[in-house]
Each structure stands twice: as C-alpha cells, then as structure tokens.
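Computed from the coordinates by the stated procedures, all read-outs in this text should not be read as laboratory data. Please read these numbers as outputs of a predicted model, since none were measured by experiment. Counting neighbours? That spans all protein chains shown, and the Cβs are built from the backbone with ideal geometry, glycine included.
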Ligand SMILES: CC(C)(COP(=O)(O)OP(=O)(O)OC[C@H]1O[C@@H](n2cnc3c(N)ncnc32)[C@H](O)[C@@H]1OP(=O)(O)O)[C@@H](O)C(=O)NCCC(=O)NCCS
C-alpha cells in the first residue's frame, strides 16, 4: 500500500535520484542536494512510499505566507493513475494550510493544467489576477 509521508534527512540521495528521473523525462526542473536537504529539514518534502521504495515526490517551496509554490511533482510511471499524485498534492496542501499559507501556485506544462484543476488549482486567481512572466 502506498503511504504518503515527510521525506527523512537520510533520504536526500533517493529524493535527488527520483527528481533526476523526472528531469530526464523533461517534466520537472533539476534541484541540488543542498536545496533538497534544506527543504527536507523544513518538512516541505513529501514522498510516496511503497515496499520501502520512494515512488513519488512533491515539494512545497515556502516563499511567504502570502505565496508559496508546489514544485518537483513526480510519480514513477509504474505508479501513475492510481491516485498517488492526488494524495501527494493533498498532503502538500494540508501542510500549506497548517503553515497558514494563503496561496499555492504551480508552473507546469500546459497539458498538465487540467490535472491540477481537478485539485482546485485555477489559471485565474480570485477571478481578477493573472501571472505574468518575462523571459531574460
Ligand atoms: C503529474 C503526475 C505526478 C500525476 O501522478 P499520478 O499519480 O498519475 O496522478 P493521479 O493518479 O492522482 O491522477 C491520475 C488521473 O489524472 C488523469 N490525468 C492524467 N493526466 C492528465 C491531464 N494532463 N489532464 C487531466 N487529467 C489527467 C488520469 O487519467 C487519471 O484519471 P482517473 O483518476 O480518472 O483515472 C504524474 O503523471 C507525473 O509524474 N508526471 C510527470 C511529471 C509531471 O508532469 N509533473 C508535473 C509538473 S510539476
């Protein structure tokens, strides 16, 4: 049975390797071990575990109570479409609520937007705000 829990300090390498799988697939961005280690210490890294293996991950990058970001969401292909991603998002949102964060944003591939919308994410924030980007 898949269990969602906080990643532990000793799991930095395992978490890094899982993120690297996502990076190779082209779906998520690279993270350093130093970054991962600090996020784990702050209890912001959630993993899905099955039979002692980490099969999914999501990270809450805490910027402020005003706005934080869901990043590094990845489930290994063999565990997809069985609700693991949704459980990870739920754990992250629960943590965000505990931290009294008002808004969680995520930047994702266009084709993934409908998936996040099912968890309550929306392209429009409060109906009148939009996110703008400037490429440098
Ligand atoms: C995104 C991802 C984490 C989802 O993980 P998952 O464990 O498969 O998610 P869930 O099982 O909770 O959700 C699967 C459901 O979403 C549906 N779904 C899959 N892709 C979808 C999409 N692009 N749009 C809408 N629904 C989608 C599936 O059909 C399935 O529906 P069902 O529950 O009715 O069967 C996983 O696909 C993944 O790791 N992808 C590569 C990394 C990535 O794209 N990360 C997001 C960028 S941050």
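Data for the structure
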read-out	value
Filter result (touching a strand residue (DSSP E or B) at 6+ places or on another chain (Cβ under 7 Å) and surrounded by fewer than 12 Cβ atoms within 10 Å (Cβ to Cβ)) within the range 19-37	none
Tally, over the range 38-47, of residues that are in a helix (DSSP H, G or I) and surrounded by fewer than 18 Cβ atoms within 10 Å (Cβ to Cβ)	2
Residue in the range 1-18 that is nearest to the ligand (Cβ to nearest atom), counting only those that are surrounded by fewer than 20 Cβ atoms within 10 Å (Cβ to Cβ) and under 21 Å from residue 93 (Cα atoms)	2
Qualifying residues in the range 73-112 (those that are assigned to a strand (DSSP E or B) and near the ligand (Cβ under 7 Å from one of its atoms)) - the one nearest to the chain's Cα centre (by Cα)	73
Top-ranked residue of the range 127-136 - restricted to ones that are part of a loop (DSSP other than H, G, I, E, B) and more than 22 Å from the chain's Cα centre (by Cα), ranked as farthest from residue 88 (Cα to Cα)	136
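Residues are listed down the side, and each one gets a yes or a no for (1) touching a helix residue (DSSP H, G or I) at 6+ places or on another chain (Cβ under 9 Å); (2) touching a residue at least 12 places away in the same chain (Cβ under 8 Å); (3) within 21 Å of residue 19 (Cβ to Cβ):
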position: 89; (1), (2), (3): yes, yes, yes
position: 95; (1), (2), (3): no, yes, yes
position: 99; (1), (2), (3): no, yes, no
position: 105; (1), (2), (3): no, yes, yes
position: 117; (1), (2), (3): no, no, no
position: 124; (1), (2), (3): no, no, no
position: 129; (1), (2), (3): no, no, no
position: 133; (1), (2), (3): no, no, no
